[in-house]
Amino acid sequence: MGLYAAAAGVLAGVESRQGSIKGLVYSSNFQNVKQLYALVCETQRYSAVLDAVIASAGLLRAEKKLRPHLAKVLVYELLLGKGFRGGGGRWKALLGRHQARLKAELARLKVHRGVSRNEDLLEVGSRPGPASQLPRFVRVNTLKTCSDDVVDYFKRQGFSYQGRASSLDDFRALKGKHFLLDPLMPELLVFPAQTDLHEHPLYRAGHLILQDRASCLPAMLLDPPPGSHVIDACAAPGNKTSHLAALLKNQGKIFAFDLDAKRLASMATLLARAGVSCCELAEEDFLAVSPSDPRYHEVHYILLDPSCSGSGMPSRQLEEPGAGTPSPARLHALAGFQQRALCHALTFPSLQRLVYSTCSLCREENEDVVRDALQQNPGAFRLAPALPAWPHRGLSTFPGAEHCLRASPETTLSGGFFVAVIERVEVPSSASQAKASAPECTPSPAPKRKKRQQKAAAGACTPPCT
């Protein structure tokens, strides 16, 4: 199924209440779920505008075989999107016959409403806020390439590399074909907002991972050395798992659990494209995994990113307008599950370090869960100081909460996020490794801005553009 047909199917499913956008995207079997999700969300955001333009232009009367949801996706792509991808095929030809009329109707609608920009046609609740201006963050997949070669690749494509950023103001100033290296994350490149790299050859080859800045924190702070055994407790869709594999250099073992078979199938595709070979996927509830199972006796590291309200996700308002604040009942249920999962993770006998994270802004899912779990394990675990240079800290709801990290569009130019690093106070006697300390996360040298000479070695990390 093509991108546009898949997007139309998701929109039809949402309208008939068959599920949420995210759920229907994952069940569509379309390979590039991020591309599909972005197209559906943007089409949905402009739904009322597109309906008005399509009706005024008489598109469905003229093209009687064109279904309404497909028409909406195609008109969005023609008038408001990036243009038809992959050439557009027959859809580009079909819309081409009506292009002049559709553009005229969009212009007439702007005049009628007294606006000049497309986004000013949106209802207030649908207009882009700070999240729409977030930079495009791109993690270099070191299983397949390296930052120096990716930087050179983009420079050969006409991009201008600005070196390592010194502040968030450098992010805000990005325009056009300029890009930077994140000041705290050594493999994270930063491009201007709305930069679309879904069709870029390095992304399609698995050399680049499109991942939000805050979402890169959990694996980086867990920092398992090569050869370690790691549990990724709630693993799908897999970006953090691929990041763990890169840190492990595919040496060691990742046990990745998730209950959603369709999300696991998409995750398997993502991991294969990223070159991950050290991961064992299991369609299993992490709460049902026995810490006494001999398979997990060497697990020293656990990443726990459980289901949450998603109140920090920039795309959430597109999917569910007004969904920024979950109900007290939903928060209570989510926090209960999160606390059970965290307390269960802390019972693994050889655990040395755990990272707990959510994409929620709610205290009940974040500081409160961590506080309660530590109180249930008095003297056994502690919050480790994490990334002192990070500007947004945990809420001061209990002693030590400042060691936690928070993120938001306003303070870190990323999605909303929460991260806590928990360490065992005493390493169990059965553990074979020495106690690990929290990673200092000292930035590595930035790739040089000066154009380096072309590598002569046959093993260069990034292949030529195809």
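Results, tabulated for the structure shown:
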item: Per residue value of the accessible surface for the chain (all protein chains in place, 1.4 Å probe), Å²; result: 44 Å²
item: Inter-label distance, nm, simple model (7 Å from Cα along the C-beta direction), Q375/R330; result: 2.6 nm
item: Modelled FRET efficiency - R0 41 Å, R113 with K262, Cβ distances, 0.05 increments; result: 0.50
item: Carbon plus sulfur fraction of accessible area for the chain, probe 1.4 Å, in percent; result: 52 percent
item: Nitroxide proxy distance, nm - points 7 Å out along Cα→Cβ at K249 and Q18; result: 4.7 nm
item: Probe 1.4 Å - accessible area at D149, Å² to nearest ten; result: 10 Å²
item: Equivalent ellipsoid semi-axes - Cα gyration tensor, the stretch 219-424, angstrom; result: 25, 21, 17
item: Helix-derived mean residue ellipticity, 222 nm - over the chain, DSSP H n ≥ 4, -39500 (n - 2.57), to 500; result: -10000 deg cm²/dmol
item: Helical segments meeting 20 Å axial Cα length and Kyte-Doolittle 0.0 threshold in the chain (DSSP H); result: 328-345
item: Cα-centred dipole magnitude for the stretch 328-394, charges only on beta-carbon of K, R (+1) and D, E (-1), debye, nearest 20; result: 120 debye
item: Filter on K72/K92; K155/K175; K34/K110; K22/K177; K34/K64; K144/K175 - keep pairs with C-alpha separation over 25 Å; result: K34/K110; K22/K177; K34/K64; K144/K175
item: Residues whose placed amide H lies under 5 Å from that of V230, excluding near-sequence neighbours; result: K253, I254, F255
item: Pair K34, R393: separation of 7 Å Cα→Cβ label points (nm); result: 3.2 nm
item: Summed residue charge, Cβ within 12 Å of A335's Cβ, Lys/Arg positive, Asp/Glu negative; result: -1
item: Computed P(r) (all Cα pairs; the chain; 10 Å bins; percent); result: 4, 19, 28, 26, 15, 6, 2, 0
item: The stretch 219-424 - charge dipole about Cα centre, Lys and Arg +1 at Cβ, Asp and Glu -1, debye rounded to 20; result: 340 debye
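The values are calculated or read from the model by the stated rules, or taken from the named source; none is laboratory data. Since the structure is predicted, the reported quantities are computational estimates derived from the model, not experimental observations. Virtual Cβ from ideal backbone geometry, glycine too; neighbours counted across all protein chains shown. Heavy atoms of the whole protein, side chains included, go into the accessibility calculation; ligands, DNA and RNA do not. Shrake-Rupley method; radii C 1.70, N 1.55, O 1.52, S 1.80 Å.
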